[in-house]
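Single-structure report; data block below.
The values are calculated or read from the model by the stated rules, or taken from the named source; none is laboratory data. None of these values were measured; they are calculated from a predicted model. No Cβ is skipped: glycine too gets one built from the backbone with ideal geometry, and neighbour counts run over all protein chains shown.
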Amino acid sequence: MRSEIVLFAQHDGKSASGGVARDAGAVDAAAHDEKVALQLLLHREPVRSSFGYCKRAEYEGVHSIHPPFSAAAMFFLFDPSFWETASFVVTVIALPFAIFLFLFEQRKERDSEEEEAYQLLQDAYNDFLKIVLDNPDLQLRSAVSRMDLTDEQKERKLIIFEMLIALFERAYIVSYEPDMRGLPLRRWHSWDDFMREWCRRDDFYYQLPHLLSGEDEDFARYIRALADEEHGRKISGDVRGLSDGKQ
């Protein structure tokens, strides 16, 4: 009798005559898979995910709304090594950079304030020169001091010198520092030149003891040194000129 060989994957095979009928429950594999899936859905079998154990439906719902990298982000947020690295970056890079910006802004603000103060002092000196121009009879800008002044003219000249000393003292207190360099030093050179120019005048030089009474001691020492230096140069120049004339 001829037998027929039935393949294992064949679903519609017939049992041999006289044989035992096959299991009806294993006929349709797809139906079996659907039944298993339905049981999993109904019983909500717990599954393991990156968040721990959760219901399968919840797991599938989370991953359908949030992509997988959200779990990685949460992992970094709760990872101590991540925060250790972040604090290292802040300490080594961000913090020094923030300090540098702070100091830079402070220096910029200070330079702006110094420039403003310098301009105010320059404006005050220009206003003083206007007063000098309004009193041409005193000849305060001439190289030689006028000696034949009336009492009223002498009083006006003394008041103008007092105004000048007060302006020089203000400039010294605001702008002068012992160890100046760069732009502050260049700014002060202009005031040093103004002081030297006036100290060359005999009438201003001989009025200094009276003018400096009660003024700042450091400023008084500074301008006295300038006055003695310029007066000494003037005397030495006069002596040199006389000796040259005799020859």
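Only residues that are in contact (Cβ under 8 Å) with a residue 12 or more places away in the chain, farther than 18 Å from Arg196 by Cβ and of a type outside the set (D, E, K, R) were counted in the stretch 135-159, giving 4.
Answer with yes or no whether Ala171 is touching a residue at least 12 places away in the same chain (Cβ under 8 Å), more than 25 Å from Glu229 (Cα to Cα) and aliphatic (A, V, I, L, M). If you could, list the steps in order and put the result at the bottom.
Values: touching a residue at least 12 places away in the same chain (Cβ under 8 Å): yes; more than 25 Å from Glu229 (Cα to Cα): no; aliphatic (A, V, I, L, M): yes.
So Ala171 fails the test.
For the stretch 116-134, the set of residues classified as without any contact (Cβ under 8 Å) to a residue 12 or more places away in the chain and either more than 36 Å from the chain's Cα centre (by Cα) or not assigned by TED's automatic domain parsing to the domain that holds Ile165 (or both) consists of Asp127, Leu129, Lys130, Leu133, Asp134, listed by residue number.
Where residues in the stretch 204-216 are in a helix (DSSP H, G or I) and in contact with a helix residue (DSSP H, G or I) (Cβ under 7 Å, 6 or more places away or on another chain), which of them is surrounded by the fewest Cβ atoms within 10 Å (Cβ to Cβ)? Here the answer is Gln207. Within the stretch 115-126, work out how many residues are surrounded by 12 or more Cβ atoms within 10 Å (Cβ to Cβ) and of a type outside the set (A, V, I, L, M). Final tally of qualifying residues: 4. Within the stretch 66-93, the set of residues being of a type in the set (Gly, Ala, Ser) and either touching a Pro at 6+ places or on another chain (Cβ under 7 Å) or modelled with pLDDT under 70 (or both) comprises Ser70, Ala71, Ala72, Ala73. Testing Met180 on (1) exposed (fewer than 14 other Cβ atoms within 10 Å of the Cβ); (2) farther than 20 Å from Pro136 by Cα; (3) modelled with pLDDT under 90, one condition comes back false. Which one is that? Met180 satisfies every listed condition except (1).
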